[in-house]
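A.B. asks: Just passing along the structure, written as structure tokens.
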Amino acid sequence: MPSYSKPTIEAVKLRNPIEDVVRERVPELRRAGALWQACCPFHEERTPSFKVDPRRGTWRCYGACQDGGDQLKFVERAYNVDFVEALKLLATRAGIALPEEPSGPKVDHDPLFDVLRRAETFYRGQLRRPHGAAALAYVRGRGLSDATIEAFGIGFAPPGGSALFDAATASGVAPRDLVELGLARIDDHGQPHDFFRGRVLFPVRDIKGRTVGFGARRLSDDEHAGPKYINTPQTPLFHKGRVIYALDMALDHVRRAGHLILVEGYTDVMAAHQVGLRTVAAVLGTATTEDHAALVRRSGARRVSLLFDGDDAGRRATLRALEGLLPLDATIDVVRLNGVKDPCDLLIAHGRAPLEEQLAHAVDWFQFLLEWVQGLEGEPRWKAIDQVLALLWRLPRAIPRDERVAQLARTLDVPLESVREQMASAPERRRAEQAAARRAEQASTAPAVARQSDAAAPQAAAVAPLVERAWRGILGAVLQAPSLAAHAAPWLERCPHGALRELFTAVLAADAQRPGAFTLDDVFVQLADSRARDLVVPLAGDAERSEDLALELDEHLAALQRWEVEQRLADALQEAGPLPRGGAGGPRAGADGERGGEVPGLASYGEAQLHTDGDDTQLRLLAELDAQRELIKHQRRFAPASRTTPPR
């Protein structure tokens, strides 16, 4: 994963005000005093608990999520991307050119990717050989230029039985890898056969640009020659429900425009890119899935336009596409190709202008469905209504769903209750309820995972609960009141390793640049892509409830010091041998009751040791421990009520 400098991260964040970034995904975000608020976009709720603080550059959900962070954390969660992708999204949004990633070929640890790369090279070479002349003539006949053919890696599978298998195994590829990747099959007699034969080949790449499989079109018009189009069978790397064709090539353009155009065919995509429409990609002849939706979310698209053939097959493709896309928080519209069957033909014949005109007049997806239903009569109409109701169950939020149900009833001129009754009986209802339950579970578990991120660090040792609680309080107080950082700084080396130490180090680095006046945004910049970023907003939020952060910091530091003294005392007593039960001193309880009874008879035991062997180690440690306890009592007893938290 490439890393970017802290000045680069800071520059990207400065050009992306957090309220603007959040509002793009949460349009209902409204100002409420110094804050902005809305219902949380990450779980269902009716009372707004999601707040954005532009002064700090942070957001937080005070409802079920209890999660929060900066612009980058919001983009990570909203688009389901990692830190680097979130940074790229925001950089593109602000028109900032990030430094180039280290040059050189990408290294894929899975050797199967290399096998597919070799297969793609083989097929591309066959297209330029004499037996590939018909395939080359076909793609050129569709209007595709040689530059487009090269950019998309179009190839040809020879009609012979095992041309790829023979070439690949001769170069050292294991036969089992070819079979596992769906490139070859071994028959019952042990003879190998290529899976693709006599077809034009289209490499299918994942979002990182790695070839994961192939699509193939037959050249013959003979229906007995097999299906017109076939794909690589499902393999460890290829599943057509988890890939969007050419999204890797469209990704940067989609992120800049915030607009993704989905078409159905390989040549539709290539023709669009050839005429300069670079935000076009395709699903592979299947209904869209949750994985497709996740890829669209990662692309940063705020608008998705469906552009399919202008016939019944195109309408069916539109319905399939809506299945997986409706749960997205994005504007979805449909482009109607009136009088045009194939987008590729339109683009090659007339360029991009006519299609851009139709994109400008795209209709809302639900309006498209209503017009379709209105054009039907009798039994086809009722079946179409069932399909529309099934799609409405795909909407994750109840209010938009109810509004469209009412709109459907008005369009059909039937009682609203009748439509609701039919919708309630749809089998998709159970699936929708299960999906809502899964989202609620994810929302409730996400903050717990974030809070435990320091414990999950690979080199972090187990931390006593009292110590972890104290350090969380210390860091929360310092994040909430930066003027306290200098007071806590000498304790850095005593902070446990892991996310807590990473956060403390980042806090002190931010304080070094802006002593006593750093912001949470400064801390986020110092942390870059560290998982400790997940701790910042929750810890600062917990500290907001404190009436006196300076006193609370002192109490947490004293608790740590008391714990260290008790540990040293316990070690000393262990070296001296077993402790007697009872004694004049009786059990000692800590000032906060947390360690009461753990070390019985310490006073009498310390006095006995002092009188018997002259070793006053235990007595000295006891005195130090008692002094710490008395300090806590004194602070709590005489702390002035008017003492205030340093301004944030």
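So that you can scan it fast, the table gives a plain yes or no per residue for (1) part of a loop (DSSP other than H, G, I, E, B); (2) within 28 Å of Leu72 (Cα to Cα); (3) acidic (Asp, Glu); (4) at pLDDT below 85:
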position	(1), (2), (3), (4)
Ala550	no, no, no, no
Leu557	no, no, no, no
Glu566	no, no, yes, yes
Pro580	yes, no, no, yes
Ala584	yes, no, no, yes
Pro587	yes, no, no, yes
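Yes or no, residue by residue, for (1) open to solvent by 30 Å² or more (accessible area, probe 1.4 Å); (2) among the aromatic types (Phe, Trp, Tyr); (3) more than 12 Å from Leu560 (Cα to Cα); (4) modelled with pLDDT of 90 or more:
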{"site": "Gln452", "(1), (2), (3), (4)": "yes, no, yes, no"}
{"site": "Ala457", "(1), (2), (3), (4)": "no, no, yes, no"}
{"site": "Ala460", "(1), (2), (3), (4)": "no, no, yes, no"}
{"site": "Arg472", "(1), (2), (3), (4)": "yes, no, no, yes"}
{"site": "Leu479", "(1), (2), (3), (4)": "no, no, yes, yes"}
{"site": "Ser483", "(1), (2), (3), (4)": "yes, no, yes, yes"}
{"site": "Ala486", "(1), (2), (3), (4)": "yes, no, yes, yes"}
{"site": "Leu492", "(1), (2), (3), (4)": "yes, no, yes, no"}
{"site": "Pro496", "(1), (2), (3), (4)": "no, no, no, no"}
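A.B. asks: Condition test on Ala97, is it out of contact with any Cys (no Cβ under 7 Å at 6 or more places or on another chain) and assigned to a helix (DSSP H, G or I)?
C.D. replies: no
A.B. asks: A further question follows. Has the stretch 397-405 got at least one residue that is open to solvent by 80 Å² or more (accessible area, probe 1.4 Å), modelled with pLDDT under 90 and over 30 Å from Glu502 (Cβ atoms)?
C.D. replies: yes
A.B. asks: Just for the stretch 296-314: of the residues that are assigned to a helix (DSSP H, G or I) and under 20 Å from Leu395 (Cβ atoms), which one is most open to solvent (accessible area, probe 1.4 Å)?
C.D. replies: My answer is Arg297.
A.B. asks: Would you confirm, using the coordinates I've provided, whether Gly209 is closer than 20 Å to Gln274 by Cβ and in a loop (DSSP other than H, G, I, E, B)?
C.D. replies: Yes.
A.B. asks: For the stretch 517-537, how many residues are within 11 Å of Gln480 (Cα to Cα) and either without any contact (Cβ under 8 Å) to a residue 12 or more places away in the chain or of a type outside the set (Ser, Thr, Tyr) (or both)?
C.D. replies: The qualifying residues number 5.
A.B. asks: Here is a follow-up. Counting only residues that are closer than 11 Å to Val296 by Cα and open to solvent by 10 Å² or more (accessible area, probe 1.4 Å), which one in the stretch 244-270 is farthest from the chain's Cα centre (by Cα)?
C.D. replies: Restricting to residues being closer than 11 Å to Val296 by Cα and open to solvent by 10 Å² or more (accessible area, probe 1.4 Å), the top hit is His259.
A.B. asks: Is there any pair linking a residue in the stretch 477-493 that is touching a residue at least 40 places away in the same chain (Cβ under 8 Å) to one that is open to solvent by 40 Å² or more (accessible area, probe 1.4 Å) and part of a helix (DSSP H, G or I), with Cβ under 7 Å and at least six apart or on different chains, and which?
C.D. replies: Ala477/Glu552
A.B. asks: Sort out which residues of the stretch 6-50 are open to solvent by 40 Å² or more (accessible area, probe 1.4 Å), in contact (Cβ under 8 Å) with a residue 24 or more places away in the chain and assigned to a loop (DSSP other than H, G, I, E, B), and write them in order of number.
C.D. replies: Arg15, Pro17, Glu44
A.B. asks: Which residues, counting only those in the stretch 219-238, are part of a loop (DSSP other than H, G, I, E, B), of a type outside the set (S, T, N, Q) and touching a residue at least 24 places away in the same chain (Cβ under 8 Å)?
C.D. replies: Scanning the stretch 219-238 gives Leu219, Pro233, Pro236, Leu237, Phe238.
Residues checked against (1) in contact with a strand residue (DSSP E or B) (Cβ under 9 Å, 6 or more places away or on another chain); (2) farther than 15 Å from Arg472 by Cβ; (3) surrounded by fewer than 17 Cβ atoms within 10 Å (Cβ to Cβ); (4) not acidic (Asp, Glu):
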position	(1), (2), (3), (4)
Ala509	no, yes, yes, yes
Gln513	no, yes, yes, yes
Gly516	no, yes, yes, yes
Asp522	no, yes, no, no
Leu527	no, yes, no, yes
Ser530	no, yes, no, yes
Leu535	no, no, no, yes
Ala543	no, no, no, yes
Ala550	no, yes, no, yes
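A.B. asks: Among the residues of the stretch 66-84, which ones are open to solvent by less than 20 Å² (accessible area, probe 1.4 Å) and under 15 Å from Val536 (Cα atoms)?
C.D. replies: Asp67, Gly68, Gly69, Asp70, Gln71, Leu72, Phe74 - these are the residues of the stretch 66-84 that are open to solvent by less than 20 Å² (accessible area, probe 1.4 Å) and under 15 Å from Val536 (Cα atoms).
A.B. asks: Exactly one condition in (1) crowded, with 20+ Cβ neighbours inside 10 Å; (2) assigned to a helix (DSSP H, G or I) is false for Thr121; which is it?
C.D. replies: (1)
A.B. asks: Something else: Sort out which residues of the stretch 139-168 are assigned to a helix (DSSP H, G or I) and under 41 Å from the mean Cα position of the chain (by Cα), and write them in order of number.
C.D. replies: Correct list: Val139, Arg140, Asp146, Ala147, Thr148, Ile149, Glu150, Ala151, Leu164, Phe165, Ala167, Ala168.
A.B. asks: Further question on the same structure: Test Ala97 against the criterion of being of a type in the set (A, V, I, L, M), open to solvent by 70 Å² or more (accessible area, probe 1.4 Å) and within 23 Å of the chain's Cα centre (by Cα), and give yes or no.
C.D. replies: It is true that Ala97 is of a type in the set (A, V, I, L, M), open to solvent by 70 Å² or more (accessible area, probe 1.4 Å) and within 23 Å of the chain's Cα centre (by Cα).
A.B. asks: Follow-up question, since we're still on this one. Restricting to the stretch 419-433, name every residue that is open to solvent by 60 Å² or more (accessible area, probe 1.4 Å) and either at pLDDT 90 or above or part of a helix (DSSP H, G or I) (or both).
C.D. replies: Arg420, Glu421, Gln422, Arg429, Arg430, Arg431, Glu433
A.B. asks: When you go through Asp188, Asp177 one by one, which is the residue that is on the phi < 0 side of the Ramachandran plot and under 32 Å from the mean Cα position of the chain (by Cα)?
C.D. replies: Answer to the selection: Asp177.
The values are calculated or read from the model by the stated rules, or taken from the named source; none is laboratory data. The structure displayed is predicted, hence computed values, not measured ones. So basically every Cβ, Gly included, is an ideal-geometry build from the backbone, and we count neighbours across all protein chains shown. Quick note on the areas: whole protein, heavy atoms, side chains included, nothing else; ligands and nucleic acids left out. Shrake-Rupley method; radii C 1.70, N 1.55, O 1.52, S 1.80 Å.
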